[in-house]
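Contents: one structure, followed by commentary.
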Amino acid sequence: MAYVRKNQRDLTAAERRKFVHAVLELKRSGRYDDFVRTHVKYYTADGEDGLRVAHMAPSFLPWHRQYLLEFERALRAVDPTVTVPYWDWTRDNTPAASLWGDDFLGGNGRKGDHQVMTGPFAYARGDWPITVGVTENRFLTRNFGNPANPVGLPTRQELAAAEKETVYDSAPYDSTSRTGFRNALEGWGRASGTGRWRTHNRVHRWVGGLMLGGASVNDPVFWLHHSFIDLVWSRWQRKNPRAGYLPATHPPLGSSQRGRVVARDEPMPPFRATPASVADHHRLYRYE
Ligand code: CU
Ligand code: CU
C-alpha cells in the first residue's frame, strides 16, 4: 500500500513530534550524517570533470527522488507512521509559518553568527551537532531572506512559469540549458547576482546558512523542500504524460556532455535506480 506525504502545514502536533523524533534518532545513530556525506560527495558542478548525477544535470529530479526514498525508508524503520512532509514555499512563505515553530524545525538564526536558537535542532539542546561539511562552527545556521542582499522565496507565478515547460530537459543538459522543465525547476538563471537563483535554488538561498551548498542536508528543512520539488515534478509528469526523461540515450560522440550525464536507463550513482525506474512513484507513495 502506498503511503502518503502530507503538506507540513496540515500535520498534527503528534505527527510533527514523530517526524522530529525519527530524524533525531537517525542523527543519534549516525545514519543521518551518512546522508549528509552522500550529498556532499555528489555535489558536483558543471565545471568539474566526470559524471554529474545530482545537480546541474537532467537526473537532478530522479536522483533526489531516490535519495528522499532512502531517507524516508530509514525514518520509517524508526517509526513506520512517519513520511517526509512537503513545504509549499509559495504558500508558507514567511518566518511565521508553523514550519519554523519550536515544536517542528525551529526558527531563523540570530543576528551575527546566524545560529538557530529555537526548536529541536538548536545546538544548546545537544541533539544536533553539525559534524559533516563544516570547518568551524558545529551549530545549525539560517539567515532568512539574506537581509544584506535580499532574496525572496519564489512566487506561485514563478513556479507556474517553470511548470509550463513541456519538454523535460534540453542540451547541453547542464546549468545553462535554456529550455526544459528540469532547469526551470532546479533554477539556474542566466542573470548575475540574485537573478542567478530561481525556483529550487532560490529556496536554498532564502533559508541561507547551512542550506547554501553541498552540506545543505544538515538542515532538516532540506527534506521538506525536496519533497515539494518532487511533488511539483510528479504533477508535471501527470500533465505531460508523453514527456519522458531526456536524454533518452547517451549524448553523441563529440558532445561535451557525453559521459557527464546519465541517460534514461542508466544507474544514478550511488544508487542502482535509473531515471526510468523511479519515473512512477505511485506504488510507493503519493502526495496529499
Ligand atoms: Cu541536492
Ligand atoms: Cu536542493
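The values are calculated or read from the model by the stated rules, or taken from the named source; none is laboratory data. Computed from a predicted structure; not experimentally measured. A quick note on method: Cβ atoms are made from the backbone with ideal geometry, for glycine too, and the neighbour counts reach across all protein chains shown. Each accessible area value is taken on the protein alone, full model and side chains, heavy atoms only, with ligands, DNA and RNA left out. Shrake-Rupley method; radii C 1.70, N 1.55, O 1.52, S 1.80 Å.
Residues being in a loop (DSSP other than H, G, I, E, B) and within 20 Å of the chain's Cα centre (by Cα): count how many of those fall in the range 155-164.
1
So if I check each of TYR67, TYR86, which one is within 24 Å of LYS27 (Cβ to Cβ), within 16 Å of ligand 2 (Cβ to nearest atom) and open to solvent by less than 10 Å² (accessible area, probe 1.4 Å)?
Selected residue: TYR67, the only one of TYR67, TYR86 that is within 24 Å of LYS27 (Cβ to Cβ), within 16 Å of ligand 2 (Cβ to nearest atom) and open to solvent by less than 10 Å² (accessible area, probe 1.4 Å).
State the number of residues belonging to the range 34-64 that are open to solvent by less than 10 Å² (accessible area, probe 1.4 Å), closer than 18 Å to VAL132 by Cβ and more than 10 Å from ligand 1 (Cβ to nearest atom).
Final tally of qualifying residues: 1.
Among ALA2, ALA74, which is open to solvent by 20 Å² or more (accessible area, probe 1.4 Å), away from ligand 2 (no atom under 14 Å from the Cβ) and more than 16 Å from PRO269 (Cα to Cα)?
ALA2
Please state which of the following conditions ARG178 fails to meet, knowing it meets all the rest: (1) free of Cβ contacts under 8 Å to residues at least 40 places away in the same chain; (2) open to solvent by less than 40 Å² (accessible area, probe 1.4 Å).
Result: ARG178 passes all but (2).
When you check ARG264 against the structure, is it surrounded by 15 or more Cβ atoms within 10 Å (Cβ to Cβ) and at pLDDT below 95, yes or no?
no
Could you please find all residues in the range 133-175 being surrounded by 20 or more Cβ atoms within 10 Å (Cβ to Cβ) and of a type in the set (D, E, K, R)?
Of everything in the range 133-175, those that are surrounded by 20 or more Cβ atoms within 10 Å (Cβ to Cβ) and of a type in the set (D, E, K, R) turn out to be ARG142, ASP169, ASP174.
Filter the range 183-207 down to the residues that are of a type outside the set (A, V, I, L, M, F, W, C) and within 12 Å of ligand 2 (Cβ to nearest atom), then identify the one that is most open to solvent (accessible area, probe 1.4 Å).
Top of the filtered list is ARG205.
Among the candidates ASP169, ASP174, ASP219, ASP230, which residue alone is among the acidic types (Asp, Glu) and either over 25 Å from TYR86 (Cα atoms) or in contact with an Asp or Glu (Cβ under 8 Å, 6 or more places away or on another chain) (or both)?
ASP174
Whether any residue in the range 20-40 is in a loop (DSSP other than H, G, I, E, B), among the polar types (S, T, N, Q) and within 18 Å of the chain's Cα centre (by Cα) is what I want to check.
no
Please find, among LEU284, LEU210, LEU231, the residue that is open to solvent by 10 Å² or more (accessible area, probe 1.4 Å) and farther than 15 Å from LEU69 by Cα.
None of the other options fit; the residue is LEU210.
Out of curiosity, is ARG272 open to solvent by 50 Å² or more (accessible area, probe 1.4 Å) and under 15 Å from SER59 (Cα atoms)?
It is true that ARG272 is open to solvent by 50 Å² or more (accessible area, probe 1.4 Å) and under 15 Å from SER59 (Cα atoms).
Consider PRO80 against the criteria (1) modelled with pLDDT of 95 or more; (2) on the phi > 0 side of the Ramachandran plot: it satisfies all of them except one. Which criterion is unmet?
Condition not satisfied by PRO80: (2).
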